[in-house]
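Note sheet for the following structure.
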């Protein structure tokens, strides 16, 4: 009895030790996601066998040699399974494979029978699916980790300014990393602290897609991380991280291969010096002849190219536009598909009439709902807007920007296809007394902050600096979760990153939201958008339109009234009476920020980086706002779009104004909700 008990005890202890060892060998994943909507497989099915085979072979190989693994498997070409693995750029091969092996075991436990799943540790990420994952930029689902340590109030602004500069360098370096590895890590000093950061994409992405993914990840840093000394954003196609302690080891980063140097052939050791000399002379003559021949061919080719280019420049602008748009073939929809989706653009599906055409609701054959902007055929400006918006918006990826799904170009037809969300633009909510009453302060603050984050991305974090030029309430779309989406980029202008301002002889936009330097002189910059944003803040808080704000029997422009109220200590008169909850201190602070944005002096207006810090760090003291520009008049309606063609000044005749009506519904993209 004693012997049996000891044997049983020994066996039980052995099993327990084995279980503990296995548990230690396979720690919990840092994060995972089971794609429940992508289908299930049955236990012991062919799909499960293929998945097990693929994951086993994936981690047993060396991948591409630089921490990236991509493979697929299908027995008899059925039930094909795809998988990708990505290790942090500074992780050695053995650690990488061990991490991916643990991921494959844990992920199948956490997502049993799921055909698509994603899981990651600190040093690696694993994905598998029944669809090809290679070359796709996917930013859902995002995972967010934020440090619990706080920065001092005096450090915050400088810290995030230095962090933004560091990430822009890392993003550029990682995106340009080539097809083997897209990884960059470095540090910078901010005050008495050192910031360590990294940026990484899966190397199957193009440079453009990697840049977009990293910019979106940086824009997704939640507001509650401002004031914190570290954060990490993980997405399926990219990830970023920053801390004040080193967390990577650049000594482990293997150098990428470079092209071998070209060396001249050496003479054979079996020849005499005389023969070697003759051989060298022959080679020299051959090389000279070849070089001259190649040079002549190049000159002829260059001449032909310049001649063809000159001929192409004489073609009509319409053909040039079409050629440029067709380069984005992957975004092009068939006109017949859109016609069927919108029931031949029926009146029943019409959502509204815009200044350059109509917007229709539609449904594709797979059930996806879309919103289609059909530009007017007789509008030359509409063609220009179409080209600008397609080429610009298709490259933008941010949760606070409306998402363009594609376009259609056939004959005179020009269509923009957006993802549809059944909700109105901001003007249909904030200026409606019934709908406005349903917006408490937290909801309004979320809308304000979302607009700010979208503008910050356009101004600082996208590949080019983008000036929207027509930021207004009707161009802010609100999704089902009250996330704000900046839309309508037909008037946007692109700058290279070192440009700060521009001039135009053609003013476009909406009175009341225009910065004075733009409306009167055609000068625009990021500060022009900041001015428009300040007007939006005041509208959201007051619930009143900017250029027909009514106070008793008097009517005046909203920024003027707000500044006079602030100066006289009666700012509370500006607050919407239906706004009965929320921190009055926070509301007053937002009014203060709005007034800083609408100052007449361009240099006095804050950048959007500073605006974000002001919104999220209440310990930062705000400067005293100066008087805003008094150029708006109550006789000018807020829905009038000004078109200035004269180089000598703004034409004052009323015929130069074109009424712009905004559709009641337009497309937007539902995205992840982050608490502030």
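Points to keep in mind about this one:
- Scan segment 553-600 for residues that are crowded, with 22+ Cβ neighbours inside 10 Å and not in a helix (DSSP H, G or I) and the total you get is 3.
- Complete set of residues in segment 1-36 that are modelled with pLDDT under 90, under 24 Å from residue 86 (Cα atoms) and not in a loop (DSSP other than H, G, I, E, B): 22, 23, 24, 25, 36
- All helices (runs of 4 or more DSSP H) inside segment 389-492 with 2 or more residues being closer than 22 Å to residue 586 by Cβ, out of contact with any strand residue (DSSP E or B) (no Cβ under 9 Å at 6 or more places or on another chain) and in the same structural domain as residue 583 (by TED's automatic domain parsing): 441-456
- Matching residues, segment 77-109, being more than 19 Å from residue 27 (Cα to Cα) and without any contact (Cβ under 8 Å) to a residue 12 or more places away in the chain: 77
- Verdict on residue 85 being at pLDDT below 95 and under 26 Å from residue 197 (Cβ atoms): no
- Residue in segment 488-496 that is surrounded by 24 or more Cβ atoms within 10 Å (Cβ to Cβ), within 23 Å of residue 444 (Cα to Cα) and at pLDDT below 90 present: yes
- Residue within segment 513-535 that is part of a loop (DSSP other than H, G, I, E, B) and at pLDDT below 80 present: yes
- Restricting attention to segment 165-213, the residues that are surrounded by fewer than 16 Cβ atoms within 10 Å (Cβ to Cβ) and part of a helix (DSSP H, G or I) total 4.
- Candidates 550, 589: the one that is in the same structural domain as residue 475 (by TED's automatic domain parsing) and modelled with pLDDT under 90 is 550.
- Within segment 358-387, if we keep just the residues that are over 23 Å from residue 477 (Cβ atoms) and touching a strand residue (DSSP E or B) at 6+ places or on another chain (Cβ under 9 Å), the residue that is modelled with the highest pLDDT turns out to be 377.
Here is a yes/no grid of residues against (1) more than 14 Å from residue 413 (Cα to Cα); (2) modelled with pLDDT of 75 or more; (3) outside the structural domain of residue 408 (by TED's automatic domain parsing):
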site	(1), (2), (3)
295	yes, no, yes
298	yes, yes, yes
312	yes, no, yes
322	no, no, yes
347	yes, yes, no
351	yes, yes, no
356	no, no, no
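- Answer residue from segment 601-616, given it is surrounded by fewer than 17 Cβ atoms within 10 Å (Cβ to Cβ) and assigned to a loop (DSSP other than H, G, I, E, B) and is farthest from the chain's Cα centre (by Cα) among those: 601
- Members of segment 47-87 found to be touching a strand residue (DSSP E or B) at 6+ places or on another chain (Cβ under 7 Å) and more than 22 Å from residue 130 (Cβ to Cβ), listed by number: 67, 87
- Segments classed as strands (runs of 3 or more DSSP E), wholly inside segment 70-149, with at least 1 members that are surrounded by 20 or more Cβ atoms within 10 Å (Cβ to Cβ): 81-87, 117-120, 124-129
The values are calculated or read from the model by the stated rules, or taken from the named source; none is laboratory data. Note that the coordinates shown come from a computational prediction; the quantities given were computed from them, not determined experimentally. Positions of Cβ are generated from backbone atoms using ideal geometry, with glycine treated the same way; all protein chains shown enter the neighbour counts.
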